[in-house]
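A quick write-up on the structure given underneath.
The values are calculated or read from the model by the stated rules, or taken from the named source; none is laboratory data. Predicted model, so just to flag it, every value in this text is computed and none were measured. Using ideal geometry, Cβ is built from the backbone for each residue, glycine included, and neighbour counts are taken over all protein chains shown. These area figures cover heavy atoms from the full protein model, side chains too; ligands, DNA and RNA do not enter into them. Shrake-Rupley method; radii C 1.70, N 1.55, O 1.52, S 1.80 Å.
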Amino acid sequence: MNTRLATMCLTTLGGAIALLLPATSQAGNVGYFEMCGGSQAAHAAAITAAGHTPVAVTTPNAESLSGLAALSVTNCSNGDFSSSYTSNLAAITSAVNNGMVLIVHDRFVTGASGILPGGGGLNAIRNTN
């Protein structure tokens, strides 16, 4: 069940990436970063299915974000954000300000405004009901 749900979510993600990058006539390099670690094969497959080149990002710093058209981030944790992500937020914000698309799937939600470039005005509230 979880595999099917993950596959559906990642397929949707691939479609979203394709919609977000319509102005490019060529495939773009799309990075993927998982705050919780683990296998990202389905994530890479969805990016490939959308016609782009998947790029595994182990640390979202300036060097690894250079040349990416988009970065897809997934947080599977119910309780926190990855320190690898938050400690590189300045590099992520800079890449977004220079045109990189940022897609975040966040299970924790609380405090999301603090991990989104320009998100200071957002009030994200987690509701498990």
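From the list Ala95, Ala112, Ala16, which one is surrounded by 16 or more Cβ atoms within 10 Å (Cβ to Cβ) and either at pLDDT 90 or above or among the aromatic types (Phe, Trp, Tyr) (or both)?
Numbers: Ala112 fails: either at pLDDT 90 or above or among the aromatic types (Phe, Trp, Tyr) (or both); Ala16 fails: either at pLDDT 90 or above or among the aromatic types (Phe, Trp, Tyr) (or both).
Checking each option against the conditions leaves just Ala95.
State which residue pairs qualify: first residue more than 17 Å from Val104 (Cβ to Cβ) and at pLDDT 85 or above and inside segment 27-42, second residue part of a strand (DSSP E or B) and open to solvent by 40 Å² or more (accessible area, probe 1.4 Å) in any location, beta carbons under 8 Å apart, and separation of 6 or more residues or different chains.
Listed pairs, sorted by first residue: Gly28/Thr53; Asn29/Thr53; Asn29/Val55.
Would you be able to say whether some residue in segment 2-13 is modelled with pLDDT of 60 or more, out of contact with any Cys (no Cβ under 9 Å at 6 or more places or on another chain) and among the small types (Gly, Ala, Ser)?
no
Do you know which residues across segment 47-73 are buried (at least 22 other Cβ atoms within 10 Å of the Cβ) and among the polar types (S, T, N, Q)?
Ser72
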